[in-house]
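This report concerns only the one structure given below.
The values are calculated or read from the model by the stated rules, or taken from the named source; none is laboratory data. What you see is a predicted model, and the numbers here were worked out from it, not measured in a lab. Note: ideal-geometry Cβ built from the backbone for every residue, glycine included; neighbour counts use all protein chains shown.
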Amino acid sequence: MKITIFETGKPQTLEAILANKDRRATLQNQLLKQFPSKTLLTIKLNTPGTIKNNEKIKHIFTTGITQLRHYFPVVEKEWPFDQLVTGPEVFWIINLSAIESKQRSVAFEENFQLGRLFDVDVLSKGKIISRNDLNLPSRKCLICSDYAKSCARSQRHSILQLQFKISKMYQNYYKHEN
């Protein structure tokens with residue numbers, strides 16, 4: 001294995017990443033209007049640095065989506081965007097309450113070995129459901145025991161440290177593959 005899984009791929013600019021964030025928000029709003037009585041899941045990866053998509057990142061994503069389907073066996077509609085240079089994403093419309101959907105997504109993030117790399121946003125009636133809405137603690141940092149947002153805000157860990165950690169997680173998970 002190379003030093004990290006982030007050594008191949010096309011580096012993305014902050015402008016491209018922000019433009020994709022705007023595109024995602026627009027699509028979320030459209031889907032919430034189109035399916036007002038349903039719950040929307042937006043699933044993507046948390047990838048530090050400018051490399052957001054390559055074969056290994058796609059591999060993590062497709063493996064995770066397969067695992068996530070165990071938590072959400074019935075997806076009414078699906079919009080996959082796995083070829084985005086800013087990283088793979090998928091949008092699911094499901095017929096579960098937002099609270100139950102968030103409980104299931106948190107269970108996935110905490111129980112699947114690579115689940116911490118995923119960001120599963122649960123939206124309903126124009127609102128994002130958070131861990132706080134379920135009285136659950138915020139996500140922990142991948143590297144230390146502090147909260148992830150605190151570490152990110154203070155830039156406690158370098159992008160390279162995070163990429164090494166994610167690469168080690170990748171290597172450990174897929175060690176039996178050729």
Identify all residues within the stretch 151-160 that are surrounded by 13 or more Cβ atoms within 10 Å (Cβ to Cβ) and without any contact (Cβ under 8 Å) to a residue 60 or more places away in the chain; write none if there are none. Cys151, Ala152, Arg156, His157
Can you find a residue in the stretch 119-137 that is out of contact with any Lys or Arg (no Cβ under 7 Å at 6 or more places or on another chain), surrounded by fewer than 15 Cβ atoms within 10 Å (Cβ to Cβ) and in contact (Cβ under 8 Å) with a residue 60 or more places away in the chain? yes
Looking only at the stretch 71-106, which residues are closer than 14 Å to Ile43 by Cβ and assigned to a helix (DSSP H, G or I)? Tyr71, Ser101, Lys102, Arg104, Ser105, Val106
Taking only pairs six or more apart or across chains, which ones have beta-carbon atoms under 7 Å, a first residue in the stretch 56-80 that is in contact (Cβ under 8 Å) with a residue 40 or more places away in the chain, and a second residue that is among the aromatic types (Phe, Trp, Tyr) and surrounded by fewer than 16 Cβ atoms within 10 Å (Cβ to Cβ)? none
Please go through the stretch 107-126 and give me each residue that is under 14 Å from the mean Cα position of the chain (by Cα) and part of a loop (DSSP other than H, G, I, E, B), ordered by number. Phe112, Gln113, Leu114
Going by what's in this entry, would Lys56 be described as among the charged types (D, E, K, R), under 23 Å from Ala152 (Cβ atoms), surrounded by 11 or more Cβ atoms within 10 Å (Cβ to Cβ) and at pLDDT 95 or above? yes
Confirm whether Pro48 is surrounded by fewer than 20 Cβ atoms within 10 Å (Cβ to Cβ) and farther than 18 Å from Ile129 by Cα. yes
